[in-house]
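The values are calculated or read from the model by the stated rules, or taken from the named source; none is laboratory data. This structure is a prediction, so every number in the text was calculated from the model and none was measured. Heads up: the accessible areas ignore ligands, DNA and RNA and are worked out on the full protein's heavy atoms, side chains in. Shrake-Rupley method; radii C 1.70, N 1.55, O 1.52, S 1.80 Å.
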Amino acid sequence: MKRSFFCLFLLSVLFSCEKDDTPEILKFYGDAYDDIGYSIASTGKGYLIAGQYTKILRTPEKGITGSYRKLALIETGSEGMEIRKDTTSSKLTSCGTKVITLDDGSSIVAGYIMNPGSSAQDIYVVKFAANGEGFTEKVYTLAGNQYANDIIKTPEGYLILGATDVERGSSDDTGNASGKKDILLLSINNNLDIIRYIPYGFTGNDEGVAIKADRSGGYVVVGTTDRYQSATGTDVFILSVNEDISNVSARSGRFIELANNQTAADFEVTTDGYFIAGNTDSEGSSKGYAWKITGTIWGSVEHHAIKFNDTEEAFTINSISPYKSNSFLMAGQYGSTTSGSMIIFATDMLGYPDEGKRRISGGTGNQVAYDVVADGDDIVAVGKNTYENNSMITLLKFRF
């Protein structure tokens, strides 16, 4: 019965999306219970979606007898039709948070898997062969609790940006208090074996949200820290990392301190600096925020709240992506976290919205976009639609 109501809900979402003369595609993937899409990549012929899929256990006699959540990779065609769904064989809870495509048609997904001997998470990487022809998986069982937020290709293999709660002594510049989050950089080769890894952070909570190759070599990490605020306050940080991640210190990072609670969502390296998008929480409401750094990470900073028609509206940014030659796409959730809608909009290179390029897609229930990419003139976002206790992986494709 719940599934029937959920189907009616999905139809209400479909017909409540803003309409124009450009065809819009809205697709849902999953089964009963909770299915979420966290990351999307274009293959040139369609899309790859990484996330979490609830595997349902059924018998002819008893129907649904149980379930478990696991990392999933969905391949679709250009119109969003599902071609295949790949999952691993383990029944341990796992999740894919980032997918990237490779030149040979294969793909790699980073995320986490629950450690069978404890309640901790371990970083989990799965490399899927092209056309669904098998996979290679690797679990990185390090001390403490770890998960991956991002992964990029490097000359050596791959570089994973993760989070860890490992306790590393008491020094304010190099230590991390027990139970607090810390940045984890994990370098692996093409066979997924560890080359080296380094945890880094201060005594509070520090978490990187994205890592990119820098213009002049090495890498840049952006994230959120509570190091320079009160126990409940946070600031955005930007951190330079050298090519082999061997040199990370307090001198290579900068904190962007503002009056309100600030969190980073995503960033891009630009030809003249860095652009960061995130959120500020003031007066109990989340609002989008933008920072533009010119030059090095220590350059001048221009920052502002993101407004539509000069009006502050409640919304949260989760992801950004380059769009055409001089714009960004931003995606997240419009309204509250319990009854919100997908929001996707375009901005200039400083984060000021193009008022004619905003799409809010929603209906009964709760929708959120976690990732967005530009595919030529098309915009493709992935996230979830939730109704009661069910959610489905959602793909929204449209043009402004």
Around Thr270, which amide H atoms from residues at least 5 apart in sequence, or from another chain, sit under 5 Å from its own amide H, with H modelled in the peptide plane? Phe275
On full extension of the chain, what length is gained from Ser327 through Lys62, given 0.36 nm per residue of separation minus the C-alpha to C-alpha distance? 90.0 nm
Sorted by accessible area with a 1.4 angstrom probe, largest first, how do Asp354, Asp103 fall? Asp103, Asp354
Just the Cα atoms of region 246-400, one point each, no solvent: what log10 I(q)/I(0) does Debye give at q = 0.12, 0.19 Å⁻¹? -0.52, -1.17
Using a 10 angstrom cutoff on alpha carbons, build the Gaussian network for the chain and name the most mobile of Val301, Val166, Val221. Val301
Under Karplus coefficients 6.51, -1.76 and 1.60, residue-wise ³J(HN,Hα) of region 135-150 in Hz, glycine/proline x: 8, 10, 10, 8, 10, 10, 8, 9, 5, x, 10, 9, 8, 9, 9, 7
Per the helix-only model, the chain has a calculated mean residue ellipticity at 222 nm (DSSP H runs of ≥4, -39500 (n - 2.57) each, divided over all residues, rounded to the nearest 500) of -1000 deg cm²/dmol
³J(HN,Hα), Karplus 6.51/-1.76/1.60, whole Hz, each residue of region 200-209, x for Gly, Pro: 8, x, 10, 7, x, 8, 9, 9, x, 9
Using amide H atoms built in the peptide plane, which far-off residues or other-chain residues are under 5 Å from Ala120 H to H? Asn115
With θ set to phi - 60° and the Karplus curve 6.51 cos²θ - 1.76 cosθ + 1.60, what are the ³J(HN,Hα) couplings of region 55-71 in order, to the nearest whole Hz, using x for Gly and Pro? 7, 8, 9, 10, 10, x, 7, 10, x, 6, 10, x, 6, 8, 9, 8, 4
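Where the accessible area of the chain is counted over protein heavy atoms with a 1.4 Å probe, how much of it, in %, is carbon and sulfur? All intermediate terms of the calculation are to be shown ahead of the outcome.
Details: 8060 of 16810 Å².
Within the chain, the accessible surface is 48 percent carbon and sulfur.
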Any idea how far the Cα center of region 301-325 sits from the one of region 350-382, in Å? 12 Å
Residues with amide H under 5 Å of Val209's amide H, sequence separation 5 or more or different chain, H placed in the peptide plane at 1.01 Å from N; which? Val222, Gly223, Thr224
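Want the number for Lys357 to Phe255: 0.36 nm per residue separation, take away the alpha-carbon distance, what's left? Each step should come with its number before you reach the end.
Numbers: separation 102, 0.36 × 102 = 36.72 nm, distance 3.18 nm.
Full extension from Lys357 to Phe255 adds 33.5 nm.
Express the accessible area of region 349-400 per residue in Å², computed with a 1.4 Å probe while the remaining protein chains stay in the model.
It amounts to 34 Å² per residue over region 349-400.
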